[in-house]
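Report on the structure given below.
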Amino acid sequence: MVSFAHAKINLGLNVLRKRADGFHDLETCFYPVPWTDVLEIIPAKEFQFSSSGLMIDGIAANNLCVKAFQLLQKDFNLPPVQIHLHKVIPMGAGLGGGSSDGAFTLRMLNDMFELKIPRQKLIDYAARLGSDCAFFVSDEPKIGTGRGEILSATSITLKGKWLVLVKPPIHVSTVDAFAGIVPRENNLNLKDVVESKPVTEWKALLKNDFEETVFRRYSVIREIKETLYARGAAYASMSGSGSSVFGIFENGVDLKNEFSGLSFFQALL
C-alpha cells in the first residue's frame, strides 16, 4: 500500500496562553498543501523501517512512523510490516512533514488490516503521537485550538490560488521557536478572518506569533517573506514554528530562480 503524506501551512498562528501542563494554548488554521512524502507499507516477516530521499536525523526508533505502528500494535496485535518512507518535505520547516508521516501510517494500517477504527478514535491516536498529527487524519482545512489537536470545521478554501513555499537551509526547533514567545490573547476571531475576509486583507489581520522570535534570530527568513510580498503575494507568512515561508498569489508566478539554492515548491491549489 502506498500513500502520499501531504504537508500543511498555518494561516495565522496565535500563542494565547501557557498551560498548567507546560504546553501552550494555540489558535490556527491548518491548510493542506500538495507537497508530499511517499509512504509504503507492506506485510513482512519481521518489522522493518527504511527511508530514502532527504536525510532524517535521529534513530529510526524515534520516527513517528515507527511509533504509530507500535501504538496500534499494542492495541490490535498487528503482524509485522515493512515501512519505507521517501522523504521529500523538508524537516524543521513548520510544514508538519513528520506529523503527516505518523498520521498517514495510522490511516494506512487502519485500512490495510481493516481495523475499523472510527475517525475520532484515530484522531485520538494521532494526538498521542504529536500535537499536529491529529490534523493529518483528514485532508481538509481545520481550525486548530488547544495544543493544535482540537479540530473544528472551516469553510476556508484557497482553490484557484497559487502557493509558493520557500525554505532556507535552517532548522528551527520547536524549543527555540517558543523560547522568546510572550503569550497574548487575540482580539480578532481567526476563523472569521479566514472565512469572510479576502486574502488581500489578511496581511493586516493574520499573524504568526513565532515570526518575531525567529526573524530576530534568522534575518534570512524575514527577507524571504519580504521578497514574496515584493513579488506580488497577496499574503505571506512563516508556517508553523519552522523556517519555511509561504506566499499566496492570485495569479501564476515562477519564482524558482528568485530563490535558487533553497528548498522550493509551488503549486496551483
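The values are calculated or read from the model by the stated rules, or taken from the named source; none is laboratory data. Not measured: the values here are computed from a predicted model. We place every Cβ from the backbone using ideal geometry, glycine too, and count neighbours over all the protein chains shown. Surface areas here come from the heavy atoms of the whole protein model, side chains and all, with no ligands, DNA or RNA. Shrake-Rupley method; radii C 1.70, N 1.55, O 1.52, S 1.80 Å.
Can you tell me which residue within the range 68-91, out of those that are open to solvent by less than 20 Å² (accessible area, probe 1.4 Å) and under 13 Å from the mean Cα position of the chain (by Cα), is nearest to residue 175 (Cα to Cα)?
This residue is 90.
Here is a check on your reading of the model: is residue 235 out of contact with any Phe, Trp or Tyr (no Cβ under 8 Å at 6 or more places or on another chain) and closer than 21 Å to residue 14 by Cα? Considered against the rule, which asks whether it is out of contact with any Phe, Trp or Tyr (no Cβ under 8 Å at 6 or more places or on another chain) and closer than 21 Å to residue 14 by Cα, residue 235 comes out as no.
For beta carbons closer than 9 Å, sequence separation of 6+ or different chains, a first residue in the range 40-63 that is closer than 16 Å to residue 97 by Cβ and polar (S, T, N, Q) and a second that is modelled with pLDDT under 95 and surrounded by 13 or more Cβ atoms within 10 Å (Cβ to Cβ), the qualifying pairs are 51/60; 63/56.
Any residue that is out of contact with any strand residue (DSSP E or B) (no Cβ under 8 Å at 6 or more places or on another chain), aromatic (Phe, Trp, Tyr) and more than 30 Å from residue 164 (Cβ to Cβ) - is there at least one of those in the range 115-126?
Checked the range 115-126: at least one residue is out of contact with any strand residue (DSSP E or B) (no Cβ under 8 Å at 6 or more places or on another chain), aromatic (Phe, Trp, Tyr) and more than 30 Å from residue 164 (Cβ to Cβ).
(1) without any contact (Cβ under 8 Å) to a residue 60 or more places away in the chain; (2) over 22 Å from the mean Cα position of the chain (by Cα): which one isn't true of residue 255, the others all being true? Against the list (1) without any contact (Cβ under 8 Å) to a residue 60 or more places away in the chain; (2) over 22 Å from the mean Cα position of the chain (by Cα), residue 255 comes up short only on (1). Return the residue satisfying two criteria in turn: it lies in the range 175-199 and is polar (S, T, N, Q) and surrounded by 11 or more Cβ atoms within 10 Å (Cβ to Cβ), and of such residues it is farthest from residue 94 (Cα to Cα). This residue is 196.
Quick grid of which residues meet (1) of a type in the set (Asp, Glu); (2) closer than 29 Å to residue 18 by Cβ:
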residue: 176; (1), (2): yes, yes
residue: 181; (1), (2): no, yes
residue: 185; (1), (2): yes, yes
residue: 190; (1), (2): no, yes
residue: 208; (1), (2): no, yes
residue: 217; (1), (2): no, yes
residue: 224; (1), (2): no, no
residue: 227; (1), (2): no, no
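Please indicate, with yes or no, whether at least one residue in the range 207-224 is touching a Leu at 6+ places or on another chain (Cβ under 9 Å), surrounded by 20 or more Cβ atoms within 10 Å (Cβ to Cβ) and outside any helix (DSSP H, G or I). Yes, the range 207-224 has at least one match.
Look through the range 127-139, keep the residues that are out of contact with any strand residue (DSSP E or B) (no Cβ under 7 Å at 6 or more places or on another chain) and in a loop (DSSP other than H, G, I, E, B), and return whichever of them is modelled with the lowest pLDDT. Here the answer is 131. Against the condition basic (Lys, Arg) and part of a loop (DSSP other than H, G, I, E, B), how does residue 121 come out, does it pass? No; evaluated as a whole, the condition is false for this residue. When the range 11-56 is filtered for residues that are of a type in the set (A, V, I, L, M) and farther than 11 Å from residue 84 by Cα, the ones remaining, listed by number, are 11, 13, 15, 16, 20, 26, 33, 44, 54, 55, 56.
Considering the range 36-63, the residues that are under 18 Å from the mean Cα position of the chain (by Cα) and at pLDDT 95 or above include one that is most open to solvent (accessible area, probe 1.4 Å), namely 54.
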